[in-house]
Amino acid sequence: ELGSGFNHEFTGRENVFLNGALLGFSQAEIEARFDDIAGFADIGEFIDQPVKTYSSGMFVRLAFAVQVQLEPDILIVDEALAVGDALFQKRCYQRLERFLSNGGTLLFVSHDQEVVRTLTSRSVLLDGGHCRSIGPSSEIVLEYRRRLHEEEVRYASTHKPPPEAVPAGAAAPAPEVVDDKSSFGDFDA
């Protein structure tokens with residue numbers, strides 16, 4: 001969990017050292033990486049303020065900066081990158097790509113389909129706490145979209161106004177038949 005082990009009464013600086021120590025790094029190792037951590041978090045003078053005064057975005061920025069600069073073997077990220085501005089998100093994704101290319105293992109939890117598809121190679125689709133599919137990310141994202149569509153169809157069928165009468169002599173055009181495993185839907189609009 002990003003920020004686990006942070007003490008809300010401590011400053012950002014103190015929490016960097018606390019979190020690093022909890023992760024098994026020496027004071028000297030953290031000192032050697034501190035400027036990179038502070039630079040990545042990019043929260044300016046707030047680094048010396050108690051984290052209880054931080055916005056949720058600032059908190060995540062600092063927590064993420066600590067985790068990625070300390071180069072863990074396995075990094076778990078759960079929806080945390082949804083906060084922060086576009087520039088910070090870009091910096092995070094670039095750092096994650098470098099982490100992966102250096103042999104790190106990433107467990108990335110997100111509803112952001114495009115990030116899952118582009119950042120990961122394999123995915124697991126969970127539904128109601130159960131594993132529904134495992135496979136290449138592009139296929140799992142498509143399965144997720146199919147499931148969302150089916151859910152929306154079920155919802156719409158119970159909340160749909162009655163159909164308008166078709167004028168006499170008018171026929172609804174027949175829907176085009178598409179046999180493509182990457183397409184889904186019922187042509188109802």
Inset, instruction - Hey, can you find the accessible area per residue of region 1-139 for me, probe 1.4 Å, expressed in square angstrom? - result: 56 Å²
Inset, instruction - Using the Cα centre as the reference, give the magnitude of the dipole from point charges on the C-beta atoms of region 1-62 (Lys, Arg: +1; Asp, Glu: -1; all else neutral), rounded to the nearest 20 debye. - result: 160 debye
Legend entry - Among 44-53, 12-21, the order from most to least packed when residues are scored by Cβ within 10 Å on average: 12-21, 44-53
Inset, instruction - Tell me the label-point distance for the pair residue 49, residue 10, using the 7 Å Cα-to-Cβ offset, in nm and rounded to one decimal. - result: 1.9 nm
Legend entry - region 1-130, relative contact order in percent, only Cα pairs under 8 angstrom and at least six apart counted: 23 percent
Legend entry - Exposure rank, largest accessible area first [131, 92; 1.4 Å]: 131, 92
Legend entry - Phi to ³J(HN,Hα) by Karplus 6.51 cos²θ - 1.76 cosθ + 1.60 over region 118-128, Hz, x for Gly, Pro: 8, 8, 10, 9, 10, 9, 10, 9, 9, 9, x
Legend entry - Amide H contacts of residue 133 (H built 1.01 Å from N, under 5 Å, at least 5 apart or other chain): 125
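Classify region 1-150: rounded, prolate or oblate, from the alpha-carbon gyration tensor (a ≥ b ≥ c, eigenvalue square roots; a/c under 1.5 rounded; otherwise prolate if a/b is larger than b/c)?
Verdict is prolate for region 1-150.
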Legend entry - Calculated FRET efficiency for the pair residue 118/residue 153, C-beta based, R₀ 30 Å, to 0.05: 0.60
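The values are calculated or read from the model by the stated rules, or taken from the named source; none is laboratory data. All figures in this text were calculated on a predicted structure; none of them were measured in a lab. For neighbour counting, all protein chains shown are included, and Cβ atoms are generated from backbone atoms with ideal geometry for every residue, glycine included. What goes into the accessible areas is simple: the full protein's heavy atoms, side chains included, and nothing from ligands, DNA or RNA. Shrake-Rupley method; radii C 1.70, N 1.55, O 1.52, S 1.80 Å.
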